[in-house]
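The values are calculated or read from the model by the stated rules, or taken from the named source; none is laboratory data. Computed from a predicted model, the values in this text were never measured in an experiment. Counting neighbours? That spans all protein chains shown, and the Cβs are built from the backbone with ideal geometry, glycine included. What goes into the accessible areas is simple: the full protein's heavy atoms, side chains included, and nothing from ligands, DNA or RNA. Shrake-Rupley method; radii C 1.70, N 1.55, O 1.52, S 1.80 Å.
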Amino acid sequence: MPELPEVETTLRGIAPHINGKKVAQTIVRQPKLRWQIPADLAETLHNQTVRECRRRAKYLLIQFDTGVLIIHLGMSGSLRIFRDTQPEVGKHDHADFIFEDGTLLRYHDPRRFGAILWLAGVAEHHELLRNLGVEPLSDEFTAEYLFSKLQGKNRAIKLMIMDNAVVVGVGNIYANESLFQAAILPNRPAKLVSKEECADLVVAIKQILQRSIETGGSTLRDFVDSDGKSGYFQQEYKVYGRDGESCLKCGGLIEKSVLGQRGTFYCANCQQ
């Protein structure tokens, strides 16, 4: 599923093309996503101007004068920008947002597990956003912050850094890769991770997420960015999906286990 780097890549791709522009038409072909698209969305957005585009966790937030459009890409969703021509509508092209200058923002979602929601108010007041933890790339995400959240917790450290109430957007791929870089076993009880190790882990998470954004995210299933291009971070995986292969650091074998029903990849030699 698209994770934080993929959503950030999408945001950076669409924002320059729709910021400050007025919505001329909204077309909803399939309202039944994870939650029903509001029936009056086309009327609500008509003639409204985009004031800001931003991201919170894995939610894309498009701000208008009277409220905010909240978009989640779900398991297989993507947003595409078309500037000069409007291509033929595909089977899974569920919504179009057409601006006065002809720019088209199209929502595509084969599995229909994403969401397009409207909130007449502040985005962070929505029930899906109000209890989220800190952003991993923000100054608030520090060793001290993470260490305080781990105290007394028996949960595996991997599950803690994937908990959106602790820190948002560190999905399965990036949790595996960050723990490898920080030399911490994914199943170690969180309370046994030292403050020094928290510092290493925070640095690793920030570096790996930033690197993934720079390379356009990871290509899983059919994720593409706003221009239809695939990401390339998967070419840099050190452990994720490499079970049975040689560790790039020590030469030992990468192992796989399951934590929280998610595949977990690690090197038992390099991670303690």
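Among the numbered conditions (1) under 15 Å from Leu4 (Cβ atoms); (2) modelled with pLDDT of 95 or more, the only one that Ile208 does not meet is (2). Only one of the numbered conditions (1) assigned to a loop (DSSP other than H, G, I, E, B); (2) not assigned by the TED database to the domain that holds Ala24 is violated by Glu177, and that is (1).
Might you check whether a residue that is in contact with a His (Cβ under 7 Å, 6 or more places away or on another chain), under 21 Å from Ala15 (Cβ atoms) and at pLDDT 95 or above occurs anywhere in the range 116-133? Looking for residues that are in contact with a His (Cβ under 7 Å, 6 or more places away or on another chain), under 21 Å from Ala15 (Cβ atoms) and at pLDDT 95 or above, one finds at least one in the range 116-133, hence yes. Looking across the range 1-45, just one residue is among the charged types (D, E, K, R), assigned to a helix (DSSP H, G or I) and touching a helix residue (DSSP H, G or I) at 6+ places or on another chain (Cβ under 7 Å), and that is Glu8. Note on the range 86-124: residues that are surrounded by 15 or more Cβ atoms within 10 Å (Cβ to Cβ) and out of contact with any helix residue (DSSP H, G or I) (no Cβ under 8 Å at 6 or more places or on another chain) total 19. Taken over the range 125-176, residues that are open to solvent by 60 Å² or more (accessible area, probe 1.4 Å) and touching a residue at least 60 places away in the same chain (Cβ under 8 Å) amount to 2.
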